[in-house]
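Everything on this sheet refers to the single structure shown next.
Read the figures in this text as sums done on the coordinates, not as results from a lab. Computed from a prediction, not measured in an experiment: that's the story for all the values here. Glycine gets a Cβ as well: all are built from the backbone with ideal geometry, and neighbour counts include every protein chain shown.
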Amino acid sequence: MARYTGPLCRLCRREGEKLFLKGTKCNTEKCPLTRRDYAPGQHGQNRVKLSNYGLQLREKQKVKRMYGILERQFRKYFAMAEKSKGITGRVLLQLLERRLDNVVYRLGFAVSRAQARQIVRHNFVLVNSKKVNIPSYLVKKDDSIQIKDNGLKLIKDNLELTKEREVPGWLQLDKEKLQAKVLRLPEKEDIGFLIREQLIVELYSK
């Protein structure tokens, strides 16, 4: 499976926003974006006024990097959103939020989406009492998520590290049993992060 293996903090600096790719480090003074709040590279400190296309591209890149998805898979999600009923941009965000690795991250079972992807791949997660090791698996309303016994210590440690992170309203978490339930499908307001999805729609609609 293809994935980005370069320095993660460089991606945040390129987008000029914290994408929380390094887990708890992003909330400390060690975050490189806090110390160097300009784009990486030789010309990173030069101020460049972006064109409309540049704004659209940066928004798409930001969302891709935030969810840890490469271009080919991101285009597939956009194609699915286009064919679905509803507003394309909002459906796209809904699909991304419903990914199992994102759900594991949102619940606080992982400190970052990259770690959440590993937790899923290593067979620590059950969906409706069945083993699911596909990070891109899309959860549905009334699905139950549970952690297998062999992952309990890791998840409990992560929950302690992420205790200040708020669980979104479309998920219900039982910290004692390490179980969760999907109450409804997510909405844009549940993301808690500024995303201008219309720019992405405009980019792909050209």
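Quick rundown of the values:
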item	result
Size of charge dipole - the stretch 78-182 - debye, nearest 20, with Cβ of Lys, Arg +1 and Asp, Glu -1, no other charges	300
Fewest-first sequence of Ser129, Ser205, Ser136 by Cβ atoms within 10 Å of each Cβ	Ser129, Ser205, Ser136
Spatial separation of Cα centroids for the stretch 67-105 and the stretch 117-134, in angstrom	20
Rg/Rh for the stretch 99-185, where both radii come from Cα atoms and Rh is the Kirkwood radius	0.90
Pairs of lysine residues in the stretch 99-185 - Cα separation under 17 Å, sequence separation of 8 or more or cross-chain	21
Under the Karplus curve 6.51 cos²θ - 1.76 cosθ + 1.60, θ = phi - 60°, whole-Hz ³J(HN,Hα) for the stretch 197-203, x wherever Gly or Pro sits	5, 5, 5, 5, 4, 5, 5
Förster-model FRET efficiency, 22 Å R0, Arg72 and Lys177, C-beta, rounded to 0.05	0.05
Fewest-first sequence of Leu126, Leu159 by Cβ atoms within 10 Å of each Cβ	Leu126, Leu159
Gain upon complete extension [Ala79, Lys153; 0.36 nm per residue less C-alpha separation]	22.7 nm
From phi via Karplus (6.51, -1.76, 1.60), per-residue ³J(HN,Hα) for the stretch 180-196 in Hz, x at Gly/Pro	8, 9, 8, 6, 6, 6, x, 10, 4, 5, 7, 5, x, 8, 6, 10, 9
Added length on full extension, which subtracts the Cα-Cα distance from 0.36 nm per residue, Lys188 to Gln61	43.9 nm
Long-range HN-HN contacts of Gln179 with modeled amide H, under 5 Å	Asp174
